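Please read the structure below before turning to the comments.
The values are calculated or read from the model by the stated rules, or taken from the named source; none is laboratory data. What you are looking at is a predicted structure, and each value in this text was computed from that prediction instead of being measured. Neighbour counts run over all protein chains shown; Cβ positions are idealised from the backbone, glycine included. These accessible areas exclude ligands, DNA and RNA; they are computed on the full protein's heavy atoms, side chains included. Shrake-Rupley method; radii C 1.70, N 1.55, O 1.52, S 1.80 Å.
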Amino acid sequence: MTQVSLTVNGSPVTREVEPRLLLVDFLRDTLGLTGTNIACDTSQCGACTIHMDGMAVKSCTVLAVQADGSTLTTIEGLATNGVLNPMQQAFWDQHGLQCGFCTPGMIMAATKLVENNPHITEAEIRHGLEGNMCRCTGYQNIVNAVAQVAAGKGG
Amino acid sequence: MRPFDYVRTTTLDETCQLLGQDGDSSVRALAGGTDLLTLMKKEISVPTQLIDLKRLPDLPSGITSTAQGMTIGTLTTMTEIETNVQLQEKYPLLAEAAAVAATPQLRNMATIGGNLLQRPRCWYYRNQLVNCWLKGGDECQAQDGENQLHALFGGGPCYAVHPSDLAPALLALEATVQLRGPGGERMVPLAEFYALPEEKRRQETQLEKDELLLNIHLPGLPAGTRSTYLKAMDRKVWAFALVGVAAIVRLEEQKIVDARLVLSGVAPIPWRVTAAEQALVGATANEATFAEIAEFALADAQSLSHNAYKITLAKSLVRRALTMLTDEG
């Protein structure tokens, strides 16, 4: 077992983990943060996207030990006192989801996109979301949601 | 995934020694993990120890300008390469290659060192039930099997293709890799670093078991040099190259004075087509020349039962790249 200490959604966490434990399993099973989804488990679909030290990563292809010392944000860490953050609100407003399974990963990837590029264009949104798959194929409303946030922030 | 020990080292020497250990233990180096962890999940790689290179302070990261060109540290992420302004200006093909590799989340984790050392995506190699030649078996199942994605050049005994988009771009730039072993450092041109797998070295590079890749050195390019990386995929984004082309051209008064062409997705290693480059030098830049060069570049291609389409694809990409790079508009 290896000890890891990290900050998850603003709270310090220390646990003993097996080196082979994936970060997504650490979040879901060890910490009970089940908002982050596992779908493909092969780093293709993006459902498991979280922020690690300010970058969007696929937590199914990161070991928990690799995240030692990191600051993580998961979908549970976005809302403040029950108020949705702008990206969550935009997904709500634009109906940026159908079955909802890809949504946590989409929102985490999209949040970082707009943060890094407040004046993001539609083409850049689509390029930035290439790592997230929506099997309902509801991409248009997802792009609209991200554009809504970009318009609010940068426009 | 099988259990393993997670190890952090403090010096390069200690790391090289650990990697070179003999016996039953199998020690692997972990950087971003975007390739290694997928191999470990499928138990194609079963290390007993993983050394976390991202915790090794002496391993270089980041992009720096040098007197001649630029140097990229092995731990530099693909995102840094995609977004570095100096790289975009000096070596556009490299930034373009990074931007079409994988997806944003993977580019945030993946390092250039790992990208250059990644293993093939061949479905026989990646299938844990198949003991292909590359994994120590007796034969390549792709040779007479499902070889839609396999090699046109340099095939046999292994017909897998090299999956990196950065490697062909770096080979076209005539990059050199700086390696570190227990006995010290050595500099190897990328053209020698990649070598077709053979009986006693069933891998795509000359990297020894106890060596680390430290830096990639890029020589400068004369003013007016243009470059691009084009990639054909079976969908618009987020796939490995069916065929790619890294092209560098310098033009003087409509005559080509320097040209480099490297194909990806067509051989077990990135494949430079030197004869086509030489034929380009001195030629007038026009569609007829490019069509001829494209034929010439693929003249020695040997298709398997299901991959002849790659020849057509490669010719088109070569023509398109050369047209783009010599377009006056």
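Assorted remarks:
- Residues of region B:204-223 that are surrounded by 17 or more Cβ atoms within 10 Å (Cβ to Cβ) and outside any strand (DSSP E or B): B:E204, B:L207, B:D210, B:E211, B:L221.
- Any chance B:E199 is of a type outside the set (S, T, Y) and either open to solvent by 50 Å² or more (accessible area, probe 1.4 Å) or in the same structural domain as B:G265 (by TED's automatic domain parsing) (or both): yes
- Residue match in region B:58-78 (condition: within 12 Å of chain A (Cβ to nearest Cβ) and either among the charged types (D, E, K, R) or part of a helix (DSSP H, G or I) (or both)): yes
- Qualifying residue in region B:182-192 (condition: in a loop (DSSP other than H, G, I, E, B), open to solvent by 10 Å² or more (accessible area, probe 1.4 Å), under 23 Å from B:V273 (Cα atoms) and of a type outside the set (V, I, T)): no
- Residue in region B:90-109 that is in contact with a strand residue (DSSP E or B) (Cβ under 8 Å, 6 or more places away or on another chain), more than 14 Å from every other protein chain (Cβ to nearest Cβ), surrounded by fewer than 24 Cβ atoms within 10 Å (Cβ to Cβ) and among the basic types (K, R) present: yes
- Filter result for A:A39 (under 22 Å from A:R126 (Cα atoms), among the aliphatic types (A, V, I, L, M), more than 10 Å from chain B (Cβ to nearest Cβ) and crowded, with 18+ Cβ neighbours inside 10 Å): no
- Residue satisfying all of: in region B:26-57; more than 12 Å from chain A (Cβ to nearest Cβ), under 28 Å from B:T83 (Cβ atoms) and assigned to a loop (DSSP other than H, G, I, E, B); most open to solvent (accessible area, probe 1.4 Å) among these: B:P57
- Selection count, region B:155-181, where residues are among the acidic types (D, E) and open to solvent by less than 20 Å² (accessible area, probe 1.4 Å): 1
- In this entry, B:L75 is excluded by the filter for residues that are crowded, with 20+ Cβ neighbours inside 10 Å, touching a strand residue (DSSP E or B) at 6+ places or on another chain (Cβ under 7 Å), of a type in the set (A, V, I, L, M) and in the same structural domain as B:L19 (by TED's automatic domain parsing).
- Matching option when the condition is in a strand (DSSP E or B) and outside the structural domain of B:A321 (by TED's automatic domain parsing), among B:V161, B:V177: B:V177
- Top-ranked residue of region B:1-25 - restricted to ones that are open to solvent by 80 Å² or more (accessible area, probe 1.4 Å) and touching a residue at least 40 places away in the same chain (Cβ under 8 Å), ranked as farthest from the other protein chains (Cβ to nearest Cβ): B:Q17
- Positions within region A:1-36 being surrounded by 17 or more Cβ atoms within 10 Å (Cβ to Cβ), of a type outside the set (S, T, N, Q), within 12 Å of chain B (Cβ to nearest Cβ) and in contact with a strand residue (DSSP E or B) (Cβ under 6 Å, 6 or more places away or on another chain), in sequence order: A:V4, A:V17, A:P19
- Residue match in region A:78-93 (condition: under 11 Å from the mean Cα position of the chain (by Cα), within 14 Å of chain B (Cβ to nearest Cβ), among the aliphatic types (A, V, I, L, M) and buried (at least 19 other Cβ atoms within 10 Å of the Cβ)): no
- In region B:170-199, the residues that are closer than 30 Å to B:P222 by Cβ reach residues that are in a helix (DSSP H, G or I) and open to solvent by 40 Å² or more (accessible area, probe 1.4 Å) with C-beta atoms within less than 8 angstrom, at least six apart or across chains, in these pairs: B:L171/B:A191; B:E174/B:A191.
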